[in-house]
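Report on one structure; see the data block that follows.
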Amino acid sequence: MRIVSTNRKAKYNYNILETFEVGIELKGMEVKSLRQKGCSLEGAFGRVEQGEVILYNMNIPEFDKSSYFKVDSRRPRKLLLHKREIKKLIGTTTQKGLTLIPLKVYFNERGWAKVEIALARGKRAYDKRRKIKEEIEKKEAQRILKRYSKRY
């Protein structure tokens, strides 16, 4: 598995409830561009529309050596899921506060481009501050334990 791009802010801004590995419908030279340059998942999100899952705001830069077939770098892209997974997402995304966000884009062992999407709920500012405070306290406790374990 070769990871092309990851959404590093996703786990900071969202509580991840469930993840799905899905295919992505690419056109023209987008596969070559993914292999060469990668992509940006910043601000990307998914929506279920008319029985299909669409990924918005994923930026795949234009392939340099492409001469005749050019596509918009931020066009909506269809995600490939099984019908039962789509029905499950329709039911869960209609709940208040749940959204679909891409976590990473990668090529699997067979060479297919895949996207890992997550069903997530947005974190509030006080949740983020609490998490940062807990991490600082945990690091401080580890530092103290390390200091005292060297003495004995």
Restricting the stretch 90-149 to residues that are charged (D, E, K, R) and in contact with a Leu (Cβ under 7 Å, 6 or more places away or on another chain), which is modelled with the lowest pLDDT?
ARG121
Before we move on, is GLU18 surrounded by 14 or more Cβ atoms within 10 Å (Cβ to Cβ), out of contact with any Cys (no Cβ under 8 Å at 6 or more places or on another chain) and of a type in the set (Asp, Glu)?
no
Answer with yes or no whether ARG35 is modelled with pLDDT of 85 or more, among the charged types (D, E, K, R), under 18 Å from THR93 (Cβ atoms) and surrounded by 14 or more Cβ atoms within 10 Å (Cβ to Cβ).
no
Taking the conditions exactly as written (acidic (Asp, Glu), under 18 Å from LEU103 (Cα atoms) and free of Cβ contacts under 8 Å to residues at least 40 places away in the same chain), does GLU42 satisfy them or not?
yes
If I ask for residues that are in contact with a Gly (Cβ under 6 Å, 6 or more places away or on another chain) and either closer than 15 Å to THR6 by Cβ or outside any loop (DSSP other than H, G, I, E, B) (or both), which ones from the stretch 37-68 would you list?
VAL53, LEU55
So is ILE16 touching a residue at least 40 places away in the same chain (Cβ under 8 Å), more than 28 Å from THR94 (Cβ to Cβ), part of a strand (DSSP E or B) and of a type in the set (Val, Ile, Thr) or not?
no
Cβ-Cβ under 9 Å, sequence separation 6+ or interchain: first residue in the stretch 105-117 and touching a residue at least 60 places away in the same chain (Cβ under 8 Å), partner surrounded by 19 or more Cβ atoms within 10 Å (Cβ to Cβ) and among the acidic types (Asp, Glu). Which pairs?
ALA113/GLU30
Can you find even one residue in the stretch 100-108 that is more than 20 Å from ASN7 (Cβ to Cβ) and out of contact with any helix residue (DSSP H, G or I) (no Cβ under 9 Å at 6 or more places or on another chain)?
no
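The values are calculated or read from the model by the stated rules, or taken from the named source; none is laboratory data. The structure displayed is predicted, hence computed values, not measured ones. Quick reminder, even Gly has a Cβ in these numbers, built from the backbone with ideal geometry, and neighbours come from all protein chains shown.
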